[in-house]
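Have a look at the structure below, then the notes.
Every number in this text was worked out from the coordinates using simple rules, so none of it is lab data. Computed from a predicted model, the values in this text were never measured in an experiment. Here the Cβ positions follow ideal geometry from the backbone for every residue, glycine too, while neighbour counts run over all protein chains shown.
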Amino acid sequence: MLTKFFQKFFYYLIKGTLVVAPVAGAIFVIVWLVATLDGALNITEHFLEDEQGHPLYIPGLGILSVILLLTLIGLIFTTFVTAPIRSWLNRTIAKIPLFNTLYSSIKDFTEAFVGDAKKFNEPVLVTVNDFGLKKIGFLTQKDLSAIGLEGEVVVYFPYSYSVAGQVVVVESSKVKKLNLSATDAMKLVVSGGVSGLENKTKIGQHALVEKKTEN
């Protein structure tokens, strides 16, 4: 009787952990990131003090200030900064050796996710060797003829449980487009293959049920 009780106890303990851990982990990471950024960007501590003379910290003001500042900069650059001025800025930045490298890399990486020409939106399956080993990646460059690589493409392979990845050049014939959204493909890779196929599985099960019903 006691053994059965402990079996049930640990069973429900594990089930509870599986429910709470993902939610708590996600909330913790978000709260930690927001609190860290807000603390680093909060400008009130530099010129406001409380009654005891200590720096005054207003929660949320740092994040709010950055959001408003970025919105204002976006408005100014979109409305008032003309193409010639942008070209001049790009030429000026290109003349600064180290800064140019960092700026260009961060700019291209940021625009790949949120810019007008998104790059990580075409998930593909790449045949890696003759034994049939395949890897999931994202097609980022379809034409490399400018550097003498006809019929070659650039594929980015994200690492599982990491923000890093690997860039490879591969023959276009070894690349196959995946029937997955970019979000689901990224989830599938980053999670180590655990997550990302839920929607496809549900659709497949639904289609199978409909087929059985028709028969």
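Full extension of the segment from Arg86 to Val128, taken as 0.36 nm per residue of separation minus the current Cα-Cα distance, would add 11.0 nm. In this simple spin-label approximation, Lys176 and Ile76 carry label points 7 Å from Cα along the Cα→Cβ vector, and these lie 5.2 nm apart.
Full extension of the chain between Tyr103 and Thr17 gives 26.7 nm of extra length, using 0.36 nm per residue less the Cα-Cα distance. The alpha carbon gyration tensor of segment 119-176 gives principal lengths a ≥ b ≥ c with a/c of 1.5 or higher and a/b no greater than b/c, which makes the shape oblate.
For Trp32 and Leu64, a Förster radius of 22 Å and the Cβ-Cβ distance give a FRET efficiency of 0.75, rounded to the nearest 0.05. With R₀ set to 45 Å, the beta-carbon distance separating Val169 from Phe9 gives a calculated FRET efficiency near 0.25.
A cut-off of 5 Å between modelled amide H atoms, ignoring neighbours fewer than 5 places along the same chain, links Gln141 with Val154. With a simple spin-label model that places each label point 7 Å from the Cα along the Cα-to-Cβ direction, the separation between Ile96 and Ala146 comes to 2.4 nm. Amide H contacts of Val128: Leu133, Lys134, Lys135, each under 5 Å away and 5 or more positions distant or on a separate chain (H built 1.01 Å from N in the peptide plane; Pro and chain starts excluded).
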